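Notes to accompany the following structure.
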Amino acid sequence: MVERLGHDDWSRVGLEAVRTAGSIEAIHGEAVPLAPGVTARHAPGHTPGHYVLDVETDDERLILLGDVIHAPVQLRDDRIHFIADHDPAEAARTRQRWLDEASELSARSSSSTQRPTAAGTRISRKSH
């Protein structure tokens, strides 16, 4: 799930080749339904076209943050960013938005760099 981009973005050349081969489908928009209860939601900053997956059931919600979070310390300090963030300021705003939303909704979440757990982790943002 990637937003379609031009060929001048070196970080997406491989993904564009896979898309051209028909192995993936480009998505675009703030919220893109993928399946019942599964929505890709735009999360800019790390890379152009970055999305998180928002999975909802009747009584639970799981937010798969992808590369919104790279290290646990980012839960407490929004000034820490990842060296590969395309737009560090936008990545920080996106991180704050998603962490606040996950905390407010008591949603479980997981990121691509977090040690996997069966049901994700509940985020608490008591100080930020």
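The values are calculated or read from the model by the stated rules, or taken from the named source; none is laboratory data. Keep in mind it's a predicted model, so treat the numbers as computed, not measured. Cβ sites come from the backbone with ideal geometry, for glycine too, and all protein chains shown count toward neighbours. Ligands, DNA and RNA are stripped out before the accessible areas are found, and what is left, the full protein with its side chains, is counted by its heavy atoms. Shrake-Rupley method; radii C 1.70, N 1.55, O 1.52, S 1.80 Å.
Here are some notes:
- Search result, residues across the stretch 30-43 that are in contact with a Lys or Arg (Cβ under 9 Å, 6 or more places away or on another chain) and either modelled with pLDDT under 90 or farther than 21 Å from residue 71 by Cα (or both): 30, 31, 32
- Between 77, 100, the distinction of being surrounded by fewer than 16 Cβ atoms within 10 Å (Cβ to Cβ) and farther than 20 Å from residue 53 by Cα belongs to 77 only.
- Condition met for residue 59 (open to solvent by 50 Å² or more (accessible area, probe 1.4 Å), modelled with pLDDT under 85 and not in a helix (DSSP H, G or I)): yes
- Matching residues in the stretch 87-124 - criterion: being part of a loop (DSSP other than H, G, I, E, B), touching a strand residue (DSSP E or B) at 6+ places or on another chain (Cβ under 8 Å) and modelled with pLDDT of 55 or more: 106, 107, 112
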